[in-house]
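One structure is given below, encoded as structure tokens.
The values are calculated or read from the model by the stated rules, or taken from the named source; none is laboratory data. It should be emphasised that the depicted structure is a prediction, and the values quoted were computed from it without experimental measurement. Cβ coordinates were reconstructed from backbone atoms using ideal geometry, including for glycine residues, and neighbour counts include every protein chain displayed.
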Ligand code: AMP
Ligand code: MG
């Protein structure tokens, strides 16, 4: 790998990254209560039917459908509650009081809703006709034993946890969370909580980056704030390499940066310094330092956010064992003109709103790559394609709603 003078399109950069890595996540067993947001390591099939037995979807009476015509009277011979089945059998002329979720008694093939009956001294009087199967949840109608419920490589969502619980599964084999080391570089940076001197700014990138990473169930290793000093940077990289699967840093990767940063990296591993045809986020470094993958984000806060979201996120999810992720995209109408020069794919910070029966998108705030508040006020990226020029109001644009890293 070497310096590349040529500009890469974002898809080319993503393709190059995908082709460089071969994910080999380690597996571990976790209790169901700790499985949320982890990536399932193996396919999980349903070990049993859900529901496990035919049961009532209503409060009412378990009956033989053919027997429960409007106007008929039935004798109540018992009760079935959730967790307390009726052990006898429903025979013609009889019924069993039944509650939602209770097991359907033998003999019955339908449930008549309480509201469609009158209680009489002997039993009930039916006000409606029924068909076989009415108001019954059949065994296996939610999931049948043997059905796939979780794919290998699936990131577990809250409802997946519930689904596994409904199957009686208490432990899941998942891929071990990735370890990602981060540090900021820059002599001008000061950590929040300390006073600023003239010419200094607060280090925000490290905090944004770590917060975004935490949405991906990543074990974050915080290596702090490193001075623009080759020895300090080399020491930070060595520390990161010994502990992390991936190293994510911000600043120090643009062409104009002091050469020693690149020299330091070149000594420790093989890094590409890419100019990616995207805005914000032009400079981006990617490569390998020992056994760790390295992603060098630009220093400008919005550029760091966009490149982490668009370039590093798919890499991290892929390394964690997920399929290479696809993004959700919408088509919306630009509600005002947007200035754009052809040449780079532009990730404008915007707001997506419903306007009548169409989606409308409009850029928000300053589109400078240093203005983090523009991301805070947005709910989407308006993605203006690389070759596109100015956009007139009313033109169709591609919109990427903010994903969970940015929500
Ligand atoms: P650089 O990549 O070092 O040329 O930095 C580009 C811009 O991003 C400069 O204005 C830096 O001050 C700013 N910057 C770099 N690192 C950070 C950081 N950790 N937090 C906030 N701003 C930063
Ligand atoms: Mg700098």
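Does residue 222 satisfy the condition of being farther than 17 Å from residue 284 by Cβ, within 15 Å of ligand 1 (Cβ to nearest atom), touching a residue at least 40 places away in the same chain (Cβ under 8 Å) and touching a helix residue (DSSP H, G or I) at 6+ places or on another chain (Cβ under 8 Å)? Step through it out loud before you land on a result.
Numbers: farther than 17 Å from residue 284 by Cβ: yes; within 15 Å of ligand 1 (Cβ to nearest atom): yes; touching a residue at least 40 places away in the same chain (Cβ under 8 Å): yes; touching a helix residue (DSSP H, G or I) at 6+ places or on another chain (Cβ under 8 Å): yes.
Criteria met by residue 222.
Residue by residue, here is whether (1) in the same structural domain as residue 370 (by TED's automatic domain parsing); (2) away from ligand 1 (no atom under 11 Å from the Cβ); (3) modelled with pLDDT under 95; (4) part of a strand (DSSP E or B) holds:
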site: 247; (1), (2), (3), (4): no, yes, no, yes
site: 255; (1), (2), (3), (4): no, no, yes, no
site: 264; (1), (2), (3), (4): no, yes, yes, no
site: 275; (1), (2), (3), (4): no, yes, yes, yes
site: 288; (1), (2), (3), (4): no, yes, no, yes
site: 293; (1), (2), (3), (4): no, yes, no, yes
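Is it fair to say residue 301 is over 22 Å from the mean Cα position of the chain (by Cα), crowded, with 21+ Cβ neighbours inside 10 Å and farther than 21 Å from residue 6 by Cα?
Answer is yes for this residue.
Could you list, in sequence order, all residues of the range 66-107 that are in a loop (DSSP other than H, G, I, E, B) and either buried (at least 20 other Cβ atoms within 10 Å of the Cβ) or not assigned by TED's automatic domain parsing to the domain that holds residue 127 (or both)? Outline the logic, then answer.
So the first thing to find is which residues in the range 66-107 are in a loop (DSSP other than H, G, I, E, B), and the list is 68-72, 82-83, 85-88, 90-93, 99-102, 104-105, 107.
Matches in the range 66-107: 68, 86, 90, 102, 104, 105.
Could you check, for the range 191-208, whether at least one of its residues is assigned to a loop (DSSP other than H, G, I, E, B), touching a residue at least 12 places away in the same chain (Cβ under 8 Å), buried (at least 18 other Cβ atoms within 10 Å of the Cβ) and more than 12 Å from ligand 2 (Cβ to nearest atom)? Steps first, please.
Residues of the range 191-208 that are assigned to a loop (DSSP other than H, G, I, E, B), as a first pass: 191-200, 203-204.
With touching a residue at least 12 places away in the same chain (Cβ under 8 Å) added as a condition, the list becomes 191-192, 200, 203-204.
Adding the requirement that they be buried (at least 18 other Cβ atoms within 10 Å of the Cβ) leaves 203.
Next, only the ones that are more than 12 Å from ligand 2 (Cβ to nearest atom) stay: none.
Within the range 191-208, none of the residues are assigned to a loop (DSSP other than H, G, I, E, B), touching a residue at least 12 places away in the same chain (Cβ under 8 Å), buried (at least 18 other Cβ atoms within 10 Å of the Cβ) and more than 12 Å from ligand 2 (Cβ to nearest atom).
Output the number of the condition that residue 232 fails; it satisfies all remaining conditions of (1) outside any strand (DSSP E or B); (2) away from ligand 2 (no atom under 16 Å from the Cβ); (3) in contact with a strand residue (DSSP E or B) (Cβ under 6 Å, 6 or more places away or on another chain); (4) more than 20 Å from residue 301 (Cβ to Cβ).
(2)
For the structure I just gave you, tell me whether residue 239 is in a helix (DSSP H, G or I), over 27 Å from residue 349 (Cβ atoms), within 32 Å of the chain's Cα centre (by Cα) and away from ligand 1 (no atom under 13 Å from the Cβ). Full working, then the answer.
Working: in a helix (DSSP H, G or I): yes; over 27 Å from residue 349 (Cβ atoms): yes; within 32 Å of the chain's Cα centre (by Cα): yes; away from ligand 1 (no atom under 13 Å from the Cβ): yes.
Against the criterion (in a helix (DSSP H, G or I), over 27 Å from residue 349 (Cβ atoms), within 32 Å of the chain's Cα centre (by Cα) and away from ligand 1 (no atom under 13 Å from the Cβ)), residue 239 qualifies.
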